[in-house]
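Colleague: Okay, handing you the structure first.
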Amino acid sequence: MTALIAIETVVLVLLTIVVTGLLRSHGEILRRLHALGAGLDPDTAEQQPAELRPRGDLPRAGEGLGPAADIAGVGLRDDAVSIPVVGVPHRTLLAFLSSGCLTCRGFWEAFADPRALGLPADVRLVAVTKDAAEESLHALRDVAPPDLAVVMSTAAWEHYTVPGSPYFALVDGTEGRVVGEGTGASWQQVQSLLTHTTGDERAGSRFLNGAADTEARIDRELLVHGILPGDPRLYRAADELDRAH
Amino acid sequence: MARLAAHGVAVDVPRGWEGRILRRAAINPAEQSRTVVHVASFPLPEARGDFGVGVTELMRSGDVFVSLFEYGPESLGQPMFAAQGVPHLTPELFSPRRLQRTLSGQVGCQLFFTANNRPFCLYIVIAGRIHVRTLAAELNAMLQRLDFAA
């Protein structure tokens, strides 16, 4: 009987140690998730102040993003991709995302509707993930909207010294440098990066143009020139047009 | 200048230009898709046809779009692909009549050739005839550095 009580006591002590360890581990996970802006309470996440800042306001000592560099890597469908961000007349918002982080999921969903993003007309959005060796290609194919440019490039993460996902860098293509960087828990917070670092919207975007936009623009231009549906000029053959030129 | 290589094709994309080398997913098991190279002096939309549908509508004066489209081995030896090696561009090759989709102000050229025993079509669209001479020279520099694996 004494031996049985002793064994039960030992088992009880061991179980107590295990449960305590599990609780501590759980608490540590929650604390780290909260620090990353992926707390379990969505309301709390929304209320967190944005960490976005114009580049230069609060440089990370010795860890600044440095000059911008073009993005090269592979796409999500077995393609090689090279996207210039330097020496181009527009700005590029680089969204460093992953398929696994909970906060990133909200951004992937937001990017499915480019019109709702409210991006300035001269800003192109490009998502950058790590290489396939560090990412789940299948998961990325599931979450990435089909109209979004996605490049898998760990080299880009290293060049831009990305501390973790999600992270955003706004590159001015004319100046060839990063003009804003930071992270946020929601797209609304990331938008402040743009409003902090830029002025007014510049006209002439071609980054949000889907087929519907293109069709609508062409229709408007035709109407301006008095060409209505059914106009015979719409059906001229290529050689007729060439002669007209 | 960025070196882009995939699917047996390598190209030096000029600085400030965008490039993709892809193979479309096969629609049925019997189909084998071939390599397509897209290079443009402006941002390429993700939804685009092999020969620039969805792309050329976005072009502005001075823009250029290049599509290098590989055909299957059944095309080898066909008269249309008799030219050997990457063609050299000259301004007179460009005409609105050679566009697959005629858009005002655009000119294009379409050339078929065989390189390293692989049949290709090189299709180029330039927005603004005034830019043809300058861009043809720039394109020739790029085309000279194209590499094809067997």
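The values are calculated or read from the model by the stated rules, or taken from the named source; none is laboratory data. Here the structure is a predicted model, which means the values were calculated and not measured. Here the Cβ is made from the backbone with ideal geometry for all residues, glycine too, and neighbour counts use every protein chain on show. Side chains included, ligands, DNA and RNA excluded: accessible areas come from the protein's heavy atoms. Shrake-Rupley method; radii C 1.70, N 1.55, O 1.52, S 1.80 Å.
Colleague: Please state which one of B:Gly49, B:Gly8, B:Gly85, B:Gly54 is at the interface with chain A (Cβ under 10 Å from one of its Cβ atoms) and either modelled with pLDDT of 95 or more or open to solvent by 10 Å² or more (accessible area, probe 1.4 Å) (or both).
Modeller: B:Gly54
Colleague: Follow-up. Can you name the residue in the range A:162-193 that is part of a loop (DSSP other than H, G, I, E, B) and within 14 Å of chain B (Cβ to nearest Cβ) and is also farthest from B:Glu18 (Cα to Cα) among such residues?
Modeller: Only one residue tops the list, namely A:Glu175.
Colleague: Among the listed residues B:Arg129, B:Arg97, B:Arg133, B:Arg101, identify the single one that is in contact with a Pro (Cβ under 7 Å, 6 or more places away or on another chain), without any contact (Cβ under 8 Å) to a residue 60 or more places away in the chain and more than 19 Å from B:Ile21 (Cα to Cα).
Modeller: Unique residue meeting the criteria: B:Arg133.
Colleague: Here's something else I'd like to know. Here are some residues: A:Arg124, A:Arg141. Which one is within 14 Å of chain B (Cβ to nearest Cβ), open to solvent by less than 30 Å² (accessible area, probe 1.4 Å) and not β-branched (Val, Ile, Thr)?
Modeller: A:Arg124
Colleague: Let me ask something additional. Residue under question is A:Asp131, and the condition is that it be open to solvent by 20 Å² or more (accessible area, probe 1.4 Å), within 11 Å of chain B (Cβ to nearest Cβ) and either closer than 25 Å to B:Arg3 by Cα or within 16 Å of the chain's Cα centre (by Cα) (or both); does it hold?
Modeller: The answer is no for A:Asp131.
Colleague: Right, here's the next one. Would you mind telling me which numbered condition in (1) surrounded by fewer than 21 Cβ atoms within 10 Å (Cβ to Cβ); (2) at pLDDT below 90; (3) in a helix (DSSP H, G or I) A:Gly199 fails?
Modeller: Checking A:Gly199 against (1) surrounded by fewer than 21 Cβ atoms within 10 Å (Cβ to Cβ); (2) at pLDDT below 90; (3) in a helix (DSSP H, G or I), the one that fails is (3).
Colleague: Which condition from (1) within 14 Å of chain B (Cβ to nearest Cβ); (2) modelled with pLDDT of 90 or more is the one that A:Ala95 breaks?
Modeller: Status for A:Ala95: all satisfied but (1).
Colleague: Would you check if there is a residue in the range B:12-25 being more than 9 Å from chain A (Cβ to nearest Cβ), touching a strand residue (DSSP E or B) at 6+ places or on another chain (Cβ under 8 Å), surrounded by fewer than 21 Cβ atoms within 10 Å (Cβ to Cβ) and farther than 18 Å from B:Met142 by Cα?
Modeller: Within the range B:12-25, not a single residue is more than 9 Å from chain A (Cβ to nearest Cβ), touching a strand residue (DSSP E or B) at 6+ places or on another chain (Cβ under 8 Å), surrounded by fewer than 21 Cβ atoms within 10 Å (Cβ to Cβ) and farther than 18 Å from B:Met142 by Cα.
Colleague: For the subset of the range B:124-141 comprising residues that are over 14 Å from the mean Cα position of the chain (by Cα) and open to solvent by less than 20 Å² (accessible area, probe 1.4 Å), which member is nearest to B:Val64 (Cα to Cα)?
Modeller: Only one residue tops the list, namely B:Ala127.
Colleague: Mind checking whether some residue in the range A:149-161 is away from every other protein chain (no Cβ under 14 Å), part of a loop (DSSP other than H, G, I, E, B), in contact (Cβ under 8 Å) with a residue 24 or more places away in the chain and surrounded by fewer than 21 Cβ atoms within 10 Å (Cβ to Cβ)?
Modeller: The answer is yes, given that some residue of the range A:149-161 is away from every other protein chain (no Cβ under 14 Å), part of a loop (DSSP other than H, G, I, E, B), in contact (Cβ under 8 Å) with a residue 24 or more places away in the chain and surrounded by fewer than 21 Cβ atoms within 10 Å (Cβ to Cβ).
For (1) without any contact (Cβ under 8 Å) to a residue 60 or more places away in the chain; (2) more than 23 Å from B:Gly19 (Cα to Cα); (3) under 17 Å from the mean Cα position of the chain (by Cα), each residue gets a yes or a no:
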| site | (1), (2), (3) |
| --- | --- |
| B:Glu31 | yes, yes, no |
| B:Ser67 | yes, no, yes |
| B:Tyr71 | yes, no, yes |
| B:Ser75 | yes, yes, no |
| B:Gln78 | yes, yes, no |
| B:Phe81 | yes, yes, yes |
| B:Thr90 | yes, no, yes |
| B:Cys109 | yes, no, yes |
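Colleague: Shifting gears a bit: Could you run through the range A:95-116 and say how many residues are of a type in the set (A, V, I, L, M) and buried (at least 19 other Cβ atoms within 10 Å of the Cβ)?
Modeller: Qualifying residue count for the region: 2.
Colleague: Something else about it: In the range A:79-91, is there at least one residue being more than 13 Å from chain B (Cβ to nearest Cβ), open to solvent by 30 Å² or more (accessible area, probe 1.4 Å) and not basic (Lys, Arg)?
Modeller: No; the residues of the range A:79-91 include none that is more than 13 Å from chain B (Cβ to nearest Cβ), open to solvent by 30 Å² or more (accessible area, probe 1.4 Å) and not basic (Lys, Arg).
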